[in-house]
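Read-outs throughout are calculated quantities, based only on the coordinates presented, and are distinct from any laboratory measurement. It should be emphasised that the depicted structure is a prediction, and the values quoted were computed from it without experimental measurement. Using ideal geometry, Cβ is built from the backbone for each residue, glycine included, and neighbour counts are taken over all protein chains shown.
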């Protein structure tokens, strides 16, 4: 039954909401309600459902977004080399402590009783008796008791519980083989290229090389698509610096990560990942069990509300709802609740951006321009920061410093606004490129006045690249007073001495 949700008024929430779409949320009316409840981007988990179904969902999302004049990113989550349980009788199995379970090669048919079908990559050369196997995000634990011919493994259930088909299979400490994609991922990559999606999320990233390999494959298919690296394994955390240099965004998948490292370490690791991503200016999304109780209940637990709030306070760019919106009973209420928690938390001021204000004597011009823009906005009492951006890089750099005022990015194409919809604090607007800075500033002023975002006499900080319209040229900051017809100040950072850049 579709929930009726009234549109919410425009709110100043800066952290973004990503909703996973599934059986509970694929129809047009529910997608509209999700957008009205606060959804900024949608994720399609290709480990579930059929390819044609996902393609139809992408088209539905874009149709609804166009009708509502909303900007929403589409993220395709590629299964990759993650091992999952295959088809099961009744779609699940109940494992009891001390049961003997057989892991067998998945041949696409429902398994026999106390048998778990898995992909060939599960049968690892270095697996030995006594190895730990975790299911259901680590809630069910087994111990390998026997290995036979590399195609079947027996295991004893140490801690029992319910296991659903398609749940992930974790073997802590086991080295992964192969690249980020498997042959089974090829149709999904072709779907991503065919539909020109805004991001693909890569599962089980271990280092920067995985991201480079993924980019090469996408280029072979004829399209460059931004990559979200999913941080799910201990190797990814230990090699995070290289991953942050190569990824367009990261996603902290706490369920999988908690099955790979000590659960008590997960909150600390999450904070450290957010800190490092913030320093790099790489958008970071927190995922898994954010509002898990809302799968069945119309309100979350207090602990879940605190979890979301703490992620906002720590500087996360976005929060991901997984099963809550994909298969839960209350997808729109879960989205609305997350929106409310974010809004309430952001009423307080957390000095997140100041942590990223490096005192280094040398920095790129673009980074310097973004930092100066945020300083100028604070000192001049500006109403907002406006960015002219071709690729979205200027807006992302400004967002890195977490300014107190809104960031509005003006873009020439329609894909950049969608890609910016997962970036903290950035609102977007499309605008034709005139090639002249003064003309573009006049157009920005007119647009903001007509939309009620500014009034005459308000101050703006404007960030752009000179020459206008070229990628990677963020080097200029201007101060502008609305209605005065001229700029009140102009700082071109390309002329700064290197020591001040």
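Structure notes:
- The simple Förster model, with R0 at 41 Å and r as the Cβ-Cβ distance, assigns residue 261 and residue 415 a FRET efficiency of 0.70.
- The peptide list 175-187, 288-300, put in order of mean Cβ contacts within 10 Å with the highest first, becomes 288-300, 175-187.
- A simple spin-label model places pseudo-atoms 7 Å from Cα toward Cβ; at residue 436 and residue 271 they are separated by 5.4 nm.
- Paramagnetic label zone (point 7 Å from Cα along Cα-to-C-beta, residue 221; backbone N under 14 Å) in the stretch 184-207: 184-203
- Estimated FRET transfer efficiency when R0 is 25 angstrom, pair residue 139-residue 207 (beta carbons, to 0.05): 0.30
- A simple spin-label model places the labels of residue 313 and residue 245 3.4 nm from each other, with each point 7 Å out along Cα-to-Cβ.
- Near-label residues of the stretch 24-42 by backbone N, under 15 Å of a point 7 Å along Cα→Cβ of residue 55: none
- Relative to the dominant Cα principal axis of the chain, helix 51-68 is inclined by about 30°.
- Angle between the chain longest axis and helix 365-380 axis [Cα atoms, degrees, rounded to 10]: 60 degrees
- Rounded tilt (10° steps) of 208-220 against the dominant C-alpha axis of the chain: 80 degrees
- Calculated mean residue ellipticity, 222 nm, the chain: -9500 deg cm²/dmol, from DSSP H runs (n ≥ 4) at -39500 (n - 2.57) each, averaged per residue and rounded to 500.
- Potential extension, residue 105-residue 47 segment - 0.36 nm per residue separation minus Cα distance: 19.1 nm
- Full-extension gain in nm, residue 446 to residue 299, via 0.36 nm per residue minus C-alpha separation: 48.7 nm
- Peptide packing: for 27-38, 127-138, 100-111, 200-211, the average count of neighbouring Cβ atoms within 10 Å per residue gives the ranking 200-211, 27-38, 127-138, 100-111, highest mean first.
- Projecting label points 7 angstrom from Cα along Cα→Cβ for residue 91 and residue 196 puts them 3.6 nm apart.
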